[in-house]
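Chemist: If you scroll down you'll find the structure; I have some questions about it.
The values are calculated or read from the model by the stated rules, or taken from the named source; none is laboratory data. These numbers come from a predicted model, not from an experiment. With ideal geometry, Cβ positions are generated from the backbone for all residues, glycine too; neighbour counts draw on all protein chains shown.
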């Protein structure tokens, strides 16, 4: 077996018995019918970057209990999902008792399945009314978000062991306010920087809100940490620009986690190495010629995962990997990606990083935002044209064996059906 850049898997890498193993989803990507949020409006506007509608997604809204049981049968002991703000607060200050009751059933089923819940409060989508009043640029955006978080904490906090406050704030800012390919589709460098700082404050507000609720939820920020490198390393201006981008995409959020409201842990999300170049219209250069890339055009670099885990460790917070995966139709490639990145994670642990769990992105093939249903990230395929049938891939069974044994040498790396 060959693996992506970074070398062969390390045989015998071990994980402790209390390590959390699982996968992740986001409400808009799996539930279906989220008609009251900004993404639904964006994906139905032909002038945007979105190529298709989320529609029914994979109908997880109705199939959640069976989905949780399936994941548990595949060796998972944890799962990350998100709450859809636009369902819970369909109008300003108006909270839906039915939506809260639904999510109470969802979180109860999660616990009944024996899965430790990581519950995201904001995963890219906001209610249409919130977007219409300025979104994260509205003067009271943080206070409004905190009101929503406080209501969730009061109603559901006893069923939320881990709370992910804001998902990838730097990507919300970058994609939505600088690149213009996520809502609200803005391309303004000043607003990009402003929104990033607002979202960091929104995280702090969510931490405060969770303290007021039921239960003892442990809250943390989840950030995507790509390994950034200058596309032209011999060019000082390119190096300087890379440092500036790293400050806005990585350092702002990690160094900003200080004070009593910083949270109790940090979620790390890692996919790739990215090359930065101010001469490129997108500010990011394509991977070097000959580099193998995923369906998203991303270049795998497992050692970058190790490096960014160590960078995240500088916060002094315990770490959980809350997303990591690859978009590919070739499931053998997914197996290679999974093993090489878990080997990098195991090495980071041996080198002192306090990493306590790994949640793969994603549990299922689902709606991948502006890219639609083309990219396949899931451990489980979904036959959307045939009754939404769930079909575990060989990689799901490779992951199961690793999760059950805590050892990377529990699989030969070729995938296949469950071991007898």
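Chemist: Identify all residues within segment 225-234 that are more than 13 Å from residue 275 (Cα to Cα) and exposed (fewer than 15 other Cβ atoms within 10 Å of the Cβ); write none if there are none. Can you show your working first?
Modeler: Restricting attention to segment 225-234, the residues satisfying the condition of being more than 13 Å from residue 275 (Cα to Cα) are 225, 234.
Passing the criteria: only 234.
Chemist: Same structure again: Quick one: would you say residue 357 is modelled with pLDDT of 95 or more, over 17 Å from residue 30 (Cα atoms), assigned to a loop (DSSP other than H, G, I, E, B) and out of contact with any helix residue (DSSP H, G or I) (no Cβ under 6 Å at 6 or more places or on another chain)? If you could, list the steps in order and put the result at the bottom.
Modeler: Details: modelled with pLDDT of 95 or more: yes; over 17 Å from residue 30 (Cα atoms): yes; assigned to a loop (DSSP other than H, G, I, E, B): no; out of contact with any helix residue (DSSP H, G or I) (no Cβ under 6 Å at 6 or more places or on another chain): yes.
No; evaluated as a whole, the condition is false for this residue.
Chemist: Let me ask you something else. Take the residues in segment 122-162 that are assigned to a strand (DSSP E or B) and either at pLDDT below 95 or within 14 Å of residue 84 (Cα to Cα) (or both); name whichever of them is nearest to the chain's Cα centre (by Cα).
Modeler: Only one residue tops the list, namely 122.
Chemist: Which residue out of 200, 221, 254, 191 is within 22 Å of residue 369 (Cα to Cα) and assigned to a helix (DSSP H, G or I)? First the steps, then the outcome.
Modeler: Numbers: 200 fails: within 22 Å of residue 369 (Cα to Cα); 221 fails: assigned to a helix (DSSP H, G or I); 254 fails: within 22 Å of residue 369 (Cα to Cα).
The conditions single out 191.
Chemist: Out of (1) in contact with a strand residue (DSSP E or B) (Cβ under 8 Å, 6 or more places away or on another chain); (2) without any contact (Cβ under 8 Å) to a residue 12 or more places away in the chain; (3) farther than 28 Å from residue 198 by Cα, what's the single condition that is false for residue 239?
Modeler: Residue 239 satisfies all of (1) in contact with a strand residue (DSSP E or B) (Cβ under 8 Å, 6 or more places away or on another chain); (2) without any contact (Cβ under 8 Å) to a residue 12 or more places away in the chain; (3) farther than 28 Å from residue 198 by Cα except (3).
Chemist: Quickly run through segment 316-354 and pick out the residues that are over 19 Å from residue 120 (Cβ atoms) and not in a helix (DSSP H, G or I). Talk me through it step by step, then tell me what you get.
Modeler: The initial filter retains those residues of segment 316-354 that are over 19 Å from residue 120 (Cβ atoms), namely 316, 326-354.
Listed by number, the residues that qualify are 316, 326, 327, 328, 329, 330, 351, 352, 353, 354.
Chemist: Within segment 158-186, count every residue that is under 18 Å from residue 100 (Cα atoms) and surrounded by fewer than 22 Cβ atoms within 10 Å (Cβ to Cβ).
Modeler: So the answer is 3.
Chemist: Here's a follow-up. Just name the residue that is farthest from residue 174 (Cα to Cα) out of those in segment 204-214 that are touching a helix residue (DSSP H, G or I) at 6+ places or on another chain (Cβ under 7 Å) and either free of Cβ contacts under 8 Å to residues at least 40 places away in the same chain or surrounded by 18 or more Cβ atoms within 10 Å (Cβ to Cβ) (or both).
Modeler: That would be 213.
Chemist: Can you pull out the residues in segment 80-109 that are touching a helix residue (DSSP H, G or I) at 6+ places or on another chain (Cβ under 8 Å), crowded, with 23+ Cβ neighbours inside 10 Å and assigned to a strand (DSSP E or B)?
Modeler: 81, 82
Chemist: Follow-up. Go over the candidates 114, 135 one by one and state the one that is buried (at least 18 other Cβ atoms within 10 Å of the Cβ) and at positive phi. It would help to see each step written out before you state the result.
Modeler: Values: 114 fails: buried (at least 18 other Cβ atoms within 10 Å of the Cβ).
Sole residue among the options that is buried (at least 18 other Cβ atoms within 10 Å of the Cβ) and at positive phi: 135.
Chemist: While we're on this one: Of the residues 120, 165, only one is closer than 18 Å to residue 256 by Cα, in contact with a strand residue (DSSP E or B) (Cβ under 7 Å, 6 or more places away or on another chain) and in contact (Cβ under 8 Å) with a residue 40 or more places away in the chain; which? Step through it out loud before you land on a result.
Modeler: Details: 120 fails: closer than 18 Å to residue 256 by Cα.
So the residue among 120, 165 that is closer than 18 Å to residue 256 by Cα, in contact with a strand residue (DSSP E or B) (Cβ under 7 Å, 6 or more places away or on another chain) and in contact (Cβ under 8 Å) with a residue 40 or more places away in the chain is 165.
Chemist: A further question on this structure: Within the set of pairs 6+ apart or on separate chains, which have a first residue in segment 351-372 that is in contact (Cβ under 8 Å) with a residue 60 or more places away in the chain and at positive phi, a second that is part of a helix (DSSP H, G or I) and surrounded by 24 or more Cβ atoms within 10 Å (Cβ to Cβ), and C-beta atoms under 9 Å apart?
Modeler: Cβ pairs passing all conditions: 369/28; 369/29; 369/39.
Chemist: Further, regarding this structure: Residues 244, 279: which one is exposed (fewer than 14 other Cβ atoms within 10 Å of the Cβ) and free of Cβ contacts under 8 Å to residues at least 24 places away in the same chain? Explain how you work it out, then say what you get.
Modeler: Details: 279 fails: free of Cβ contacts under 8 Å to residues at least 24 places away in the same chain.
The conditions single out 244.
Chemist: Now, a different point. Within segment 297-315, track down each residue that is part of a loop (DSSP other than H, G, I, E, B), closer than 18 Å to residue 229 by Cβ and in contact (Cβ under 8 Å) with a residue 12 or more places away in the chain. Full working, then the answer.
Modeler: Of the residues in segment 297-315, the ones part of a loop (DSSP other than H, G, I, E, B) are 297-298, 300-301, 314-315.
Retained after the next criterion (residues that are closer than 18 Å to residue 229 by Cβ): 297-298, 300-301.
If the condition is that a residue be part of a loop (DSSP other than H, G, I, E, B), closer than 18 Å to residue 229 by Cβ and in contact (Cβ under 8 Å) with a residue 12 or more places away in the chain, then 298, 300, 301 are the ones that fit.
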